[in-house]
Amino acid sequence: MSKVLEAVPNFSEGRDLDKVAQIVDRIGEHDVEVLDWSADPDHHRSVVTFIGAPEDVVQASVAAAECAFELIDLRDHEGVHPRVGAVDVLPFVPLHHVEMAEAVACALSAAEAIARLGVPVYLYGRASRPPGRALATLRRGGFERLREGWPESRIPDFTAGRSEAHPSAGVCCVGARPVLLAWNVRVRGISLERAKEIAAAVRERGGGFAGLRALGLYLERQQCLQISMNLEDPDATSPLDVFAEIDRAVRASGGEIEGTEVIGMIPDTLVQPRSADTLKVLDLHVSRVLSHRVAQYLSRHPGPPTEIPDFTE
């Protein structure tokens, strides 16, 4: 059977769509399938999702990173989303006949190659040693802090021979993780301060839901308020429960939820009728459902036939 590995690189460019298209095109030059890409001008960030055989995914990831380093200059970058690098994060996700250990090995291979391009690399998630290093810890102070030199407790796993971040590309956080849910709940009728309070209450660090990261943000260009979230394990922590708590808090404050935007591919947890309707998922289409697209990919890449043993000898 074919192996399928997913990469979901986040690039610090969400306004110049020509630059984003160049990065996506560079990925497409390799034997991988781009499932989705999106760009947000307020976050000033783009997210690309692609799948393929592990070795091809690693090659495409490094090529995309090299392209991004050529095009993106963090000295001219400002957005609402925390960032430390032109290629801010590069996670590898095992999907089909790929164990987490192999995804970690791919992360290490990509990290070494990116460091050879002159950009320092931090390992996070399942790829860090010990496993579990959080992105929030690595991003503390942003790119600007790392330009001053390495904090004593935050020396990169691969320094690329530098004593501080690359002057324009910053650093890159490379990791391995299971499928997660990246989603933004759009709200109206409440203040930004209240949205931040709700985000702080529901996230794990504030005593809320396990594996949930949340920020309250105002998107000036889109003139909307959102609670931006990552849910590390949507099977263990129900998105419905998270949504219900946010909805309760927003309504209690005199506001309402407009809808839910999923970034990247949609996990099966959200495609059940009750989930999709309750969460008010925007742009829900079968082409964005991860399991459906993986099944399509496998139908075109079945791999070598399984040999049936001959027991007659």
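Since every read-out is calculated from the coordinates, none of them should be taken as a lab result. Here the structure is a predicted model, which is why all the values come from computation and not from measurement. We place every Cβ from the backbone using ideal geometry, glycine too, and count neighbours over all the protein chains shown.
Here are a few things to note about the model shown:
- Counting every other Cβ atom within 10 Å of each residue's Cβ, 124, 218, 297 order from fewest to most as 218, 297, 124.
- Estimated dipole of the range 27-183 in Debye, rounded to 20 [Cβ of Lys and Arg +1, of Asp and Glu -1, Cα centre]: 760 debye
- Gain upon complete extension [residue 244, residue 73; 0.36 nm per residue less C-alpha separation]: 57.6 nm
- Length-normalised contact order for the range 115-270 - Cα pairs under 8 Å, 6+ apart - percent: 23 percent
- Restricting the GluC sites (Glu not before Pro) of the range 92-130 to loop positions (DSSP other than H, G, I, E, B) with no more than 14 neighbouring Cβ atoms within 10 Å leaves 99.
- Residue among 252, 39, 53 with the largest mean-square fluctuation in a Gaussian network model of the chain, springs linking Cα atoms under 10 Å: 252
- Restricting the calculation to Cα atoms, the chain shows an Rg/Rh of 0.98 when the hydrodynamic-style radius is the Kirkwood one.
- Cα-based reach from residue 19 at 18 Å (exclusive), listing aspartates and glutamates while leaving out same-chain residues under 8 positions away: 29, 36, 40, 42, 66, 70, 73, 76, 78, 88
- Only helices enter the 222 nm calculation for the chain: every DSSP H run of n ≥ 4 contributes -39,500 (n - 2.57), and dividing by all residues gives -9500 deg cm²/dmol, rounded to 500.
- Positive-end ranking of 167, 39, 107 along the dipole of the chain, with charges on Cβ about the Cα centre, is headed by 167.
- Mean separation of Cα contacts under 8 Å, 6 or more apart, over the residue count of the range 4-176: relative contact order %: 26 percent
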